[in-house]
2 protein chains.
Amino acid sequence: MTLNTLVDHANCEDCPIRHRAVCARCDADELTVLEEIKYYRSFEAGQTIIWSGDQMNFVGSVVSGIATLTQTMEDGRTQMVGLLLPSDFVGRPGRESAAYDVVATTDLVMCCFRKKPFEDLMNRTPHIAQRLLQMTLDELDAAREWMLVLGRKTAREKIASLLSIIARRDASASAKGLSGPIVFDLPLTREAMADYLGLTLETVSRQISALKKDKVILLEGKRHVTVPDIGRLMEEAGDDADGGCLV
Amino acid sequence: MTLNTLVDHANCEDCPIRHRAVCARCDADELTVLEEIKYYRSFEAGQTIIWSGDQMNFVGSVVSGIATLTQTMEDGRTQMVGLLLPSDFVGRPGRESAAYDVVATTDLVMCCFRKKPFEDLMNRTPHIAQRLLQMTLDELDAAREWMLVLGRKTAREKIASLLSIIARRDASASAKGLSGPIVFDLPLTREAMADYLGLTLETVSRQISALKKDKVILLEGKRHVTVPDIGRLMEEAGDDADGGCLV
DNA sequence: AGGAAACCTTGACCGAGATCAAGTGGACGC
DNA sequence: GCGTCCACTTGATCTCGGTCAAGGTTTCCT
């Protein structure tokens, strides 16, 4: 139920390569092949990794940093359609060209595989295809959940939804769980948040100020956020506070 | 680039079962197995096929009629997240329960497969998994395109986007192509359109009237639509009129 | 240190679309 | 024929969020 579900790392601790997104069920032979066709690429904050419509000759996953998927209309209106966090997969097996712009919002490292050999491997290896199907279904769920946010939520609920998603991801990553306050740094500018939420950056700024005034969040500087009560934040987001998240 | 991309039927003309969504590359053995585990179900217009959260013990595809996928918030706000047309696939291999309400908006027939045997077959048959991956990627593209509609388009553009999608689907289904006027019946009520577009039904009604007044569409009664110029409609939708569609 | 460029905040005003309300028109049952 | 229901249309008004504008902070460069 997160925006881009992180891959479960549990059964990959001893994985000889880091491409956990794909090798959830490690198998020595496959990994050897993957190892042979893989390479790393680094990008600077702000750099465009892929332009919409470009030929894509690789697939891969994010090792560190954050990237965004965005669509743009001819008149310049833009909508972010996905957020890529470490371990998220990029690329469309079986597709020629990219459908969206992929932009690094922070310095970023990607682990890439040349597309053709990867597809060959996928065709020979059923559980890689199945793994990718599961990941794609997760992304589809996330996209559809976001459609509800974009279509029906108020500006305040939109902001709360985004903060809640980031807070919960960070909380589960740091293994401290959801009891007690959650502290994190916003990985996005106000403008990027606006592009994600279908708002203007002014509205984002105003609503964040409002949530701060109402003590739903605490702000130190512009980016450092403390969420004293995640339940309260999820209420503000219009979410069911017990949607399988508090176990 | 449609809302829910229809499956290409070209290489399935002689398919012994009608479940074309899955058997794009027909293979006698698999089809025999599929034949054994399949059954049909009929639904009346307005009937809910699956409730969000229900156990789903089948997967399947739409044979005839139209269904919608919707999400609902506790306070009753609803957002449609997908439209299921004939040959569209329903179900999540590897998932326990449904994530959305599935509702028949017209009388509907589905071709179903019991989930467990279907999954077993999928695990044994790489190209079924690959086929499903392709279909899921298509749905993901459609969902993300819809995020742009929901997040950034005006009411008029939203209506034009929806009409354009339905018009283009009907045009390619009837094999008359996109030259000349396109005629079709709206398969959705104003309220359903509103739920899809993140609008109210009053706004939908007003914008349809406006498009009619401006001769972008012609209306006979409430549902019968003629699109004299699909290029004009796509312009109104804010789409690139040559996005690979006029070929 | 000074200056410029990002990034963010806040205020004033405006308009697209929501809301509330009344009315139309066709289908159906009695 | 007549009433009822449902889907839809149209009008009047309100409001949330967009737009335009000004100013504040931080960072980084010279």
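The values are calculated or read from the model by the stated rules, or taken from the named source; none is laboratory data. Note that the structure is predicted; figures quoted are calculated from it, not measured. Please note: Cβ atoms are built from the backbone with ideal geometry, for glycine as well, and neighbour counts cover all protein chains shown. With ligands, DNA and RNA removed, areas are computed over all heavy atoms of the protein, side chains included. Shrake-Rupley method; radii C 1.70, N 1.55, O 1.52, S 1.80 Å.
Counting only protein heavy atoms and a 1.4 Å probe, tell me what percentage of the stretch B:130-210's accessible area is made up of carbon and sulfur.
Taking all protein chains in place, the stretch B:130-210 shows 50 percent carbon and sulfur surface.
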Would you kindly work out, in nm and rounded to one decimal, the distances from the label point of residue B:51 to those of the same position in each other copy, ordered shortest first, with label points 7 Å along Cα-to-Cβ? 5.2
Gyration tensor verdict on the stretch B:28-177 (Cα atoms; rounded if a/c is under 1.5, prolate if a/b is larger than b/c, oblate otherwise): prolate
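Can you tell me the accessible area per residue over the stretch A:153-236, all protein chains present, probe 1.4 angstrom, in square angstrom? Kindly include the intermediate steps, with their values, before the conclusion.
Details: 3880 Å² over 84 residues.
Normalised by residue count, the accessible surface of the stretch A:153-236 is 46 Å².
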Relative contact order (%) - the stretch A:153-236, alpha-carbon pairs under 8 angstrom, separation at least six: 39 percent
For the stretch B:115-240, treating each Cα as an identical point scatterer without solvent, what Debye log10 I(q)/I(0) comes out at q = 0.10, 0.16, 0.19 1/Å? -0.40, -0.81, -1.02
Whose amide H sits under 5 Å from the amide H of residue A:99, counting only residues 5 or more places off or on another chain, with H placed in the peptide plane? A:53
Interchain or sequence-distant (5+) residues whose placed amide H lies within less than 5 Å of the amide H of residue A:105 are A:46, A:66, A:67, A:68
Taking residue A:178 in one copy and the same position in all the others, each labelled 7 Å out along Cα→Cβ, what are the pairwise distances from the first, in nm, shortest first? 4.5
A versus B: buried accessible surface, summed, Å² (probe 1.4 Å, to nearest 100): 4400 Å²
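Please tell me the relative contact order of the stretch A:62-202 in percent, rounded to the nearest whole number, where contacts are Cα pairs under 8 Å and at least six residues apart. Working shown, then result.
Values: 135 pairs, mean separation 34.2, N = 141.
Reported relative contact order: 24 percent.
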Got a number for the accessible area of residue B:40? Probe 1.4 Å, square angstrom, nearest 10. 120 Å²
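Please work out whether the stretch A:27-112 counts as rounded, prolate or oblate from its C-alpha gyration tensor, where a ≥ b ≥ c are the square roots of the eigenvalues and a/c under 1.5 means rounded, while otherwise a/b larger than b/c means prolate and anything else oblate?
Working: a/c = 2.49, a/b = 1.66, b/c = 1.50.
Note, shape of the stretch A:27-112 comes out prolate.
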Can you bin the stretch A:139-208 into rounded, prolate or oblate? Criterion: square roots of the alpha carbon gyration tensor eigenvalues sorted a ≥ b ≥ c, rounded for a/c under 1.5, prolate for a/b above b/c, oblate for the rest. oblate
Express in whole angstrom the spacing between the alpha-carbon centres of the stretch A:94-126 and the stretch B:163-207. 35 Å
Using θ = phi - 60° and the Karplus relation 6.51 cos²θ - 1.76 cosθ + 1.60, list the HN-Hα couplings for the stretch A:42-50 in order, rounded to whole Hz, with x at every Gly or Pro. 10, 9, 8, 3, x, 6, 8, 7, 9
If I ignore ligands, DNA and RNA and count only protein heavy atoms, how much of residue B:51 is accessible to a 1.4 Å probe, in Å² to the nearest 10? 150 Å²
Counting only residues 5 or more apart in sequence or on a different chain, those whose built amide H sits under 5 Å from that of residue B:83 are B:69
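Return the subset of A:213/B:153; A:153/B:158; A:38/A:116; B:158/B:213 for which the Cα-Cα distance in this structure is over 20 Å, preserving the input order. Before the final figure, lay out the partial values.
Values: A:213/B:153 31 Å; A:153/B:158 17 Å; A:38/A:116 12 Å; B:158/B:213 17 Å.
Where the Cα-Cα span goes over 20 Å, the pairs concerned are A:213/B:153.
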From the label point of residue B:74, set 7 Å from Cα along Cα→Cβ, how far away are the matching label points in the other copies, in nm, ordered shortest to longest? 4.5
